[in-house]
Amino acid sequence: MAETKKAGALVVVGSVAIDTIETEQGGRATEVLGGAATYFAVAASFFTPVQLVGVVGDDFPKQDLDWFRARGIDLSGLEVRTGRTMRWTGRYHEDMNVRDTLSFEANVFDGYMPTLPAAYCDAPFVFLANIAPALQARVLDQVKSPRLVGADTMNLWIDIARPELEQLLRRVPLLIINDEEARLLSGERNMIRAARKIMALGPTSLMIKRGEYGVLYFSGDTVFSAPAYPLEEVFDPTGAGDTFAGGVMGYLAAAGDASAASVRKAIVYGSVVASFTVEAFSLERLRTLTRDDIERRYREFVSLTSFDVG
Ligand code: AMP
């Protein structure tokens, strides 16, 4: 497709899933749209064209595929295989920073090996959203000379696929993970010490997502901190981290640069999109969200964090 050649194009690989979510407050969403790459792609599509790599089963709702296309998400890298789409069920505790996975079925992801359409191989921006590190590496093998590669992972892979993950991290300049994953990966509770150890594994830049406490960004010797948008109620935190990453990478891809100043703006855009995501179940809030809503909240962030020197 012609649109895949655009300079701002962004390739993402990761899970595309059907989720069931329960909250302590009695909320439940059954068989709703989910998956790390799904949240990422939709968030990034507010900023730039996205090329989605992954697999779904023949039970995946056609109207969601149509919605992706309408949002400028290219699906020529999304395989539709006979069988069931990945399923995940999670339950949040009263403290919504804590959740349990009640069930996980890889389904069509079992035995899946991504092959990139030729037009994706020149993508300047690449994100390896949460999925087995071997699949992330396989995508990285196929892109020619990306300007920026970012990646995410999760506890499961740190536990069961650490050698593959460590191999991958040597090739990933920007790692975006949450605080719990940072602790598990580094064996350190303190985030500064954790960051130092993780960056010794390869990434030259690291964003640590801390839920309602915001984001810490480490690059070389510099640290940048952004708060989370203060929300009275968090409805469903699922995908907040993935939409954060989608906002970050989407903004950088659209800007076409990854300078220190752009990265700081990108972190705030990521935080803004994530703050909308948690206001409703699944991707529901993103269906009605507009770029104007994003810009308005971005300006609120600026005033939230501005203060005089001295
Ligand atoms: P997050 O809230 O950022 O951890 O992302 C939640 C999304 O991750 C859900 O929509 C799930 O479908 C997806 N997910 C859960 N477990 C896995 C897994 N083992 N591999 C890939 N994606 C997963």
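Overview of values
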| read-out | value |
| --- | --- |
| Residue tally, condition over 12 Å from the mean Cα position of the chain (by Cα) and on the phi > 0 side of the Ramachandran plot, over the range 31-53 | 1 |
| Pick from the range 194-247, criterion basic (Lys, Arg) and surrounded by fewer than 20 Cβ atoms within 10 Å (Cβ to Cβ), ranking: nearest to the ligand (Cβ to nearest atom) | 210 |
| Residue, nearest to residue 202 (Cα to Cα), within the range 128-184, restricted to residues that are in contact with a Leu (Cβ under 6 Å, 6 or more places away or on another chain) and among the hydrophobic types (A, V, I, L, M, F, W, C) | 169 |
| Pairs where the first residue, in the range 251-274, is modelled with pLDDT under 95 and the second is surrounded by 24 or more Cβ atoms within 10 Å (Cβ to Cβ), C-beta under 8 Å, 6+ apart | 258/252 |
| Residue 97 free of Cβ contacts under 8 Å to residues at least 60 places away in the same chain and out of contact with any strand residue (DSSP E or B) (no Cβ under 8 Å at 6 or more places or on another chain) | no |
| The range 195-245, residues that are touching a residue at least 60 places away in the same chain (Cβ under 8 Å), among the hydroxyl-bearing types (Ser, Thr, Tyr) and in contact with a strand residue (DSSP E or B) (Cβ under 8 Å, 6 or more places away or on another chain) | 238 |
| Of all residues making up the range 128-159, the number that are polar (S, T, N, Q) and more than 18 Å from residue 55 (Cβ to Cβ) | 3 |
| Within the range 205-249, strands (runs of 3 or more DSSP E) holding 2 or more residues that are more than 17 Å from the chain's Cα centre (by Cα) | 215-219, 222-226 |
| Near pairs, Cβ below 9 angstrom, 6+ apart or cross-chain, from the range 165-179 (at pLDDT 95 or above and within 16 Å of the ligand (Cβ to nearest atom)) to any residue that is part of a loop (DSSP other than H, G, I, E, B) and among the small types (Gly, Ala, Ser) | 168/202; 175/202 |
| Of all residues in the range 5-27 being surrounded by fewer than 20 Cβ atoms within 10 Å (Cβ to Cβ) and modelled with pLDDT of 95 or more, the one that is farthest from the ligand (Cβ to nearest atom) | 22 |
| Residues that are touching a Phe, Trp or Tyr at 6+ places or on another chain (Cβ under 7 Å) and without any contact (Cβ under 8 Å) to a residue 40 or more places away in the chain, drawn from the range 278-292 | 285 |
| Residue satisfying condition, being closer than 14 Å to residue 35 by Cβ and of a type in the set (A, V, I, L, M), within set 98, 126, 108 | 108 |
| Among (1) within 15 Å of the ligand (Cβ to nearest atom); (2) among the charged types (D, E, K, R); (3) touching a helix residue (DSSP H, G or I) at 6+ places or on another chain (Cβ under 6 Å) - the single one residue 64 does not satisfy | (3) |
| The range 36-67, residues that are in a loop (DSSP other than H, G, I, E, B) and farther than 19 Å from residue 289 by Cα | 58, 59, 60, 61 |
| Contacts under 6 angstrom Cβ, first residue in the range 71-88 being within 16 Å of the ligand (Cβ to nearest atom) and among the basic types (Lys, Arg), partner in a loop (DSSP other than H, G, I, E, B) and at pLDDT 95 or above, 6 or more apart | 84/59 |
| Strands (runs of 3 or more DSSP E) enclosed by the range 85-128 - at least 1 residues per element that are buried (at least 19 other Cβ atoms within 10 Å of the Cβ) and of a type outside the set (S, T, N, Q) | 86-92, 125-128 |
| Test: residue in the range 32-49 that is free of Cβ contacts under 8 Å to residues at least 60 places away in the same chain, among the aromatic types (Phe, Trp, Tyr) and within 15 Å of the ligand (Cβ to nearest atom) | no |
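The values are calculated or read from the model by the stated rules, or taken from the named source; none is laboratory data. All of these numbers come straight from a predicted model, not from anything done at the bench. In this analysis, Cβ positions are derived from the backbone assuming ideal geometry, glycine residues included, and neighbour counts consider all displayed protein chains.
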